[in-house]
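The values are calculated or read from the model by the stated rules, or taken from the named source; none is laboratory data. For clarity, every value in this text was computed on a predicted model and none was experimentally measured. Backbone-built Cβ (ideal geometry, glycine too); neighbour counts: all protein chains shown.
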There are 2 protein chains.
Amino acid sequence: MRVLLTVAYDGTDYCGWQVQPNGITIEEVLNTNLVRLFHEDIKVIGASRTDSGVHALGNVAVFDTNSRMPAEKIAYALNVSLPEDIKIQKSMEVKKDFHPRHGVSRKTYEYRIRNTSFPMPINRFYEHFIYVPLNVEAMNRAASFFIGLHDFKSFCSIHTGALTTVRTIFSCSVQKDEEDGVIRIQICGNGFLYNMVRIIAGTLIEIGKGLYEPERIIEILNGKDREQAGPTAPAKGLTLMKIEYEGIE
Amino acid sequence: MRVLLTVAYDGTDYCGWQVQPNGITIEEVLNTNLVRLFHEDIKVIGASRTDSGVHALGNVAVFDTNSRMPAEKIAYALNVSLPEDIKIQKSMEVKKDFHPRHGVSRKTYEYRIRNTSFPMPINRFYEHFIYVPLNVEAMNRAASFFIGLHDFKSFCSIHTGALTTVRTIFSCSVQKDEEDGVIRIQICGNGFLYNMVRIIAGTLIEIGKGLYEPERIIEILNGKDREQAGPTAPAKGLTLMKIEYEGIE
């Protein structure tokens, strides 16, 4: 059977999702633990190959197994041996031809910025700290220009392997929690290019600092040139919140 | 002058607040950094001697210095050398006779419980994980019995040095965020005994599990016996939110 795993992790101590020679990755830890559990040669296929330091509440991976363990129980069995910073949130059987990078209907990311005078130790691994007061209203107005179908070539790292840089954004908003001073950029779309959310966050931060007007986003999109957008914001502020598929609850 | 510091820390890697021979403490790190900054023999006096693993957004400490650095600037100067897991949130001059353990008008603590089927890597150092579904309504009703002036002898570790075990609780409530599954016990009072919030949390958890009725709190308070209350809940779920003083903003 093919099993879908909803995977949560604290990306702080990992070299991202994808197996690579220079350090330990989420994918590698999952593979090792699945092989140990089922005594089969298992390799997961991931939905989002998140960067080093990026977190997830709900990344998705699938794998095939001959095991007869009920699919829902696999989360429990796997969590026993997984480290504290990677835990399965759900496991379920899916159709044999289900592929986690096809048929995605919505992906939701959150980028968190602690915008206070001083850094806050609690949550420091999950927030990007900026002491310059940011104009949240301007950031939120700028965010609205990302909504819809656009060519995001300007918001994509040069080394992308994507066939097309056109994506649809369903929602994008910026809100500040006045109590703790945390600004949250929430973005939901049908797919994201390499580094796209971090470049969007970096650009919104520049607008929040007043370096340019919210309307500049329209020009940057039209320019189709990475040089026109802001810098790539640090990985630790980014969390992949969830991935939704058509026909899967 | 006497300077008041509002201190935030992630208590995970510290043996609590108070200087002790077996490991590094928050107090010790503050002293070392103040001595280095002012070249004077400085020792802070803390308001709350939090336990090993307990966090703070706003613990308070004072110290005396002959320095002429404007008191408000000390937070900036000190944060340059402090580690990432201890950061000053505010510094201000107070009267020469101000003592952080006298004249406290309100202390607020929060105890966080992640009550979901599986542990969540993000925030794992700041939440106590319980997979058994807790009855939040019962916990909140039980919490209401702590409000007012009571003898908290049953909710205090035996080895207390306190002269009286009578304290006033201004508010105590239990709420669950249905989106992330986190239960927050918030408690505000004029003072707390050794381990008092963690024993209250441990007792509320037992009520949440249905081990006894909310009204049992009244009996436990009247019993004045530590044995009658629940276990001391783990330190990592506890955060000292703020300490308020009369006449200080």
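Quick notes on this one:
- Residues in region B:213-227 that are at pLDDT 95 or above and crowded, with 16+ Cβ neighbours inside 10 Å: 5 in all.
- For A:ASN79, the requirement of being over 26 Å from B:PHE125 (Cβ atoms) and surrounded by 17 or more Cβ atoms within 10 Å (Cβ to Cβ) is not met.
- Odd one out for A:LEU78, checked against (1) within 26 Å of B:SER117 (Cβ to Cβ); (2) not assigned by TED's automatic domain parsing to the domain that holds A:VAL54: (2)
- Residue in region A:135-142 that is surrounded by fewer than 18 Cβ atoms within 10 Å (Cβ to Cβ), more than 10 Å from every other protein chain (Cβ to nearest Cβ) and either in a loop (DSSP other than H, G, I, E, B) or touching a His at 6+ places or on another chain (Cβ under 8 Å) (or both) present: yes
- Flag: B:ILE74 matches the condition of being over 19 Å from B:TRP17 (Cβ atoms) and either among the aliphatic types (A, V, I, L, M) or away from every other protein chain (no Cβ under 12 Å) (or both).
- Hits in region A:143-176 (condition: under 19 Å from A:ILE205 (Cα atoms), part of a strand (DSSP E or B) and of a type in the set (S, T, N, Q)): A:SER171, A:SER173, A:GLN175
- Search result, residues across region A:82-104 that are away from every other protein chain (no Cβ under 14 Å) and either of a type in the set (Asp, Glu) or touching a residue at least 60 places away in the same chain (Cβ under 8 Å) (or both): A:GLU93, A:VAL94, A:LYS95, A:LYS96, A:ASP97, A:PHE98, A:PRO100, A:GLY103, A:VAL104
- Test result for A:LEU163, in the same structural domain as A:SER117 (by TED's automatic domain parsing), farther than 20 Å from A:ILE130 by Cβ and touching a strand residue (DSSP E or B) at 6+ places or on another chain (Cβ under 8 Å): no
- Any hit, region B:12-28, residues being under 9 Å from B:PHE63 (Cβ atoms) and not aliphatic (A, V, I, L, M): no
- Here B:ILE169 fits the description: more than 14 Å from every other protein chain (Cβ to nearest Cβ) and either in contact with a His (Cβ under 9 Å, 6 or more places away or on another chain) or of a type in the set (S, T, N, Q) (or both).
- Being under 28 Å from A:GLY58 (Cβ atoms), buried (at least 20 other Cβ atoms within 10 Å of the Cβ) and either without any contact (Cβ under 8 Å) to a residue 24 or more places away in the chain or within 14 Å of chain A (Cβ to nearest Cβ) (or both) holds for only one residue in B:TYR131, B:TYR126, and it is B:TYR126.
- Within region A:163-190, considering residues that are within 16 Å of the chain's Cα centre (by Cα) and aliphatic (A, V, I, L, M), the one surrounded by the fewest Cβ atoms within 10 Å (Cβ to Cβ): A:ILE169
- Scope region A:23-68; condition assigned to a loop (DSSP other than H, G, I, E, B), within 15 Å of A:HIS99 (Cβ to Cβ) and within 15 Å of the chain's Cα centre (by Cα); matching residues: A:ALA47, A:SER48, A:ARG49
- Subset tally (residues that are part of a loop (DSSP other than H, G, I, E, B) and more than 30 Å from B:THR232 (Cα to Cα)) for region B:70-119: 6
- Residues of region A:181-214 classified as assigned to a loop (DSSP other than H, G, I, E, B) and touching a residue at least 24 places away in the same chain (Cβ under 8 Å), total: 11
- Here A:ASP85 passes the criteria (1) surrounded by fewer than 17 Cβ atoms within 10 Å (Cβ to Cβ); (2) modelled with pLDDT of 95 or more; (3) charged (D, E, K, R) except the one numbered (1).
- Options B:LEU30, B:LEU37, B:LEU4; residue that is among the aliphatic types (A, V, I, L, M) and within 14 Å of chain A (Cβ to nearest Cβ): B:LEU30
- Filtered by the rule that a residue be buried (at least 20 other Cβ atoms within 10 Å of the Cβ) and either free of Cβ contacts under 8 Å to residues at least 60 places away in the same chain or outside the structural domain of B:ILE187 (by TED's automatic domain parsing) (or both), region B:228-240 gives a lone residue, B:GLY230.
- Any hit, region B:14-26, residues being within 14 Å of another protein chain (Cβ to nearest Cβ) and over 27 Å from B:HIS128 (Cα atoms): no
- Of the criteria (1) under 20 Å from B:LEU240 (Cα atoms); (2) touching a residue at least 24 places away in the same chain (Cβ under 8 Å), which one B:ILE169 fails: (2)
- Some residue of region B:150-162 being modelled with pLDDT of 95 or more, surrounded by fewer than 17 Cβ atoms within 10 Å (Cβ to Cβ), under 25 Å from B:GLU28 (Cβ atoms) and touching a Leu at 6+ places or on another chain (Cβ under 8 Å): no
- Number of the exception - A:SER48 against (1) surrounded by fewer than 19 Cβ atoms within 10 Å (Cβ to Cβ); (2) at negative phi; (3) away from chain B (no Cβ under 11 Å): (1)
- Residue check: A:ARG114 meets all listed conditions (1) in contact with a Ser or Thr (Cβ under 9 Å, 6 or more places away or on another chain); (2) more than 17 Å from A:THR6 (Cβ to Cβ); (3) within 14 Å of chain B (Cβ to nearest Cβ) but one, namely (1).
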